[in-house]
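Accompanying notes for the structure given below.
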Amino acid sequence: MAARPVDADVLIAGAGPAGCAAAIVCAAGGLRTVLADRAAGPRARPGEALHPGVESLLRRLVPEGFERVVGARHEGISVGWGRAPSFEPFGRDPDGPWRGFQVDRQGLDALLLERARGLGVDVRPSCRVLAPLLDGDAVVGAHTREAGQIRARTVIDATGSARWLGRALGVAPQVRSPRLLIQYGYAAGSCPTRDAAPAIVADGTGWTWTARVGATRYQWMRLDFVPVQRSRTWLPDEFARLTPQGTARAADVTWRLSPAAAGPGWFAVGDAAARLDPASSHGVLRALLSGWTAGCATAAALDGALDPREAAAMYQGWLHSGFEQDIARLAGMYAELGARGFG
Ligand SMILES: Cc1cc2nc3c(=O)[nH]c(=O)nc-3n(C[C@H](O)[C@H](O)[C@H](O)COP(=O)(O)OP(=O)(O)OC[C@H]3O[C@@H](n4cnc5c(N)ncnc54)[C@H](O)[C@@H]3O)c2cc1C
């Protein structure tokens, strides 16, 4: 039997940090919100070292339960960027030092989803969004594999690197770096030199990140400017005494910006709109902030406070200017190492 079309104010595809933030803001604003994700539920994934700036945003999105997902805290990072490593604090204010933190990503995504559900969001796990529904140039919903058609006044693409809607609408992303593959993995044991703060060490060949992410669990990431084949049990020298947990994995983190990040009836948020490699340290922050901002723009457009095209243009202007600042900063850092083709 064919599934009955679902009607909503907002359909959000993708229940990572960006999609959940958008869903929470839309539902809190009284909008009937559907949040569909192709996965059965939150999964373990990288993206565990969060900048201090994320905390206040997260506490507003999820007023309770935040401490449950927070692991080690750190007041800065050991940075060896073309030179001997030294500790760089995040900064401080009259209340004390700013502290970044490690987070259990699966737990964080589950907490955000639980909050969205608690606000009345219609959460659809195991629901893959397929082709968009179009009315002229406006997006008015989507076909889904499991729930048939979902009609909505606004559609938010939060599908991360899959960038479902941009692809379907034929929006080619601007590629702003050489092709970048990051390798990452985990190891168990004890590495006291890495317990106080994560470290990033870079030279002309690329950079290596090491961090403690649990009581006896450590994470590493390695980005080579020119791809290097490594064994699946490779560990950075610092972790030589640790035991690899599972095998190393790889992800494409080529810098990408969608030239159109919003349009009639739609927004793209998080990695679906703009992606940098993890040295930017802002992936989750950008996902939460863009989800929040697109949610506010959606609410303003749907209650008539803002013309929908104006809302889309404002969101896109905000997203692009923030991303260009991040790009300029990171391209400058890579230029210091002699790496070319970034920016
Ligand atoms: C190795 C690595 C390390 C990183 N480390 C850090 C870090 O330390 N700190 C940091 O801030 N950032 C880090 N990042 C970046 C960070 O993980 C991302 O920026 C962040 O997860 C983006 O969130 P998002 O919500 O946009 O997308 P995602 O978290 O990727 O969520 C997208 C969701 O969309 C769903 N989806 C995809 N296609 C469909 C479809 N067709 N229909 C329905 N659902 C769909 C997926 O199942 C997924 O749940 C790292 C990234 C990598 C690759």
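The values are calculated or read from the model by the stated rules, or taken from the named source; none is laboratory data. None of these values were measured; they are calculated from a predicted model. Here the Cβ positions follow ideal geometry from the backbone for every residue, glycine too, while neighbour counts run over all protein chains shown. All accessible areas refer to the heavy atoms of the entire protein, side chains included, with ligands and DNA or RNA removed. Shrake-Rupley method; radii C 1.70, N 1.55, O 1.52, S 1.80 Å.
Close amide H partners of GLY71, meaning residues 5 or more places away or on another chain with modelled amide H under 5 Å apart, are GLN102, VAL103, ASP104. For region 187-290, the carbon plus sulfur part of the accessible surface works out to 56%, probe radius 1.4 Å. Compute the signed sum of charges (Lys and Arg +1, Asp and Glu -1) over the other residues within less than 14 Å, Cβ to Cβ, of ARG128. Its environment carries a net charge of +1.
Given the whole protein assembly as supplied and a 1.4 Å probe, what does the accessible area of HIS143 come to in Å², nearest 10? About 70 Å², ignoring ligands and nucleic acids. With respect to the chain, whose longest principal axis is taken over its alpha-carbon atoms, helix 17-28 is tilted by about 40°. Listed values for region 63-78 are Karplus-derived 3J(HN,Hα) couplings in whole Hz (6.51 cos²θ - 1.76 cosθ + 1.60, θ = phi - 60°), namely x, 10, x, 4, 4, 4, 9, 8, x, 4, 9, 8, 8, x, 9, 7, and x replaces Gly and Pro.
For GLU146, the residues 5 or more places off, or on other chains, whose built amide H falls under 5 Å of its own are ARG128. Sorting 226-233, 186-193 by average packing, meaning the other beta carbons within 10 Å per residue, from highest down gives 186-193, 226-233. Computed 3J(HN,Hα) for region 305-315, one whole-Hz value per residue from the Karplus formula 6.51 cos²θ - 1.76 cosθ + 1.60 where θ = phi - 60°, is 6, 9, 5, x, 5, 5, 4, 5, 5, 5, 4, glycine and proline marked x.
Compactness ratio for region 188-343: Cα radius of gyration over 2.2 N^0.38 Å (N = residue count) comes to 1.29. For region 268-343, the calculated P(r) over all alpha carbon pairs, in 10 Å bins from 0 to the bin holding the longest distance, is 19, 42, 25, 11, 3, 0 percent.
Calculated mean residue ellipticity at 222 nm for the chain: -8500 deg cm²/dmol, from DSSP H runs with n ≥ 4 weighted as -39500 (n - 2.57), summed, divided by the residue count and rounded to 500. Using every pair of distinct Cα positions in the chain, the Kirkwood expression returns a hydrodynamic radius of 20.8 angstrom. A cut-off of 5 Å between modelled amide H atoms, ignoring neighbours fewer than 5 places along the same chain, links ASP7 with ARG151.
Using a Gaussian network model of the chain in which every pair of alpha carbons under 10 angstrom is joined by a spring, one finds that among LEU133, LEU257, LEU289 the greatest mean-square fluctuation is at LEU133. Taking Lys and Arg as +1 and Asp and Glu as -1, the other residues whose beta-carbon sits under 15 Å from that of GLY304 total -2. Diagonalising the gyration tensor over the Cα atoms of region 109-171 and scaling each eigenvalue by 5 before taking the square root yields semi-axes of 22, 14, 11 Å, largest first.
Along the axis of the charge dipole computed for region 279-334 (Cβ charges of +1 for Lys and Arg, -1 for Asp and Glu, origin at the Cα centre), the listed residues SER321, ALA331, VAL284 are led at the positive end by ALA331.
Taking all protein chains together, THR216, THR210 sort by accessible area into THR216, THR210, largest first [probe 1.4 Å]. For region 267-343, the dipole from Cβ point charges (+1 on Lys and Arg, -1 on Asp and Glu) about the Cα centre works out to 180 debye, to the nearest 20. A Cβ-based charge dipole, computed about the Cα centre of the chain with Lys and Arg at +1 and Asp and Glu at -1, lands at about 880 debye. Averaged over its residues, the chain has an accessible area of 45 Å² per residue, based on protein heavy atoms and a 1.4 Å probe. Across region 121-127, coupling constants 3J(HN,Hα) worked out from phi with the 6.51/-1.76/1.60 Karplus curve, θ = phi - 60°, read 5, 7, 8, 10, x, 6, 9 Hz, and Gly and Pro carry x.
For region 227-271, the alpha-carbon coordinates run over 54, 21, 16 Å along the three principal axes, in decreasing order.
Expressed per residue, the C-alpha convex hull volume of region 50-152 stands at 197 Å³. Placing unit charges on the Cβ atoms of the charged side chains and taking the dipole of region 95-230 about its Cα centre, the candidate lying farthest along the positive direction among TRP220, VAL140, VAL155 is TRP220.
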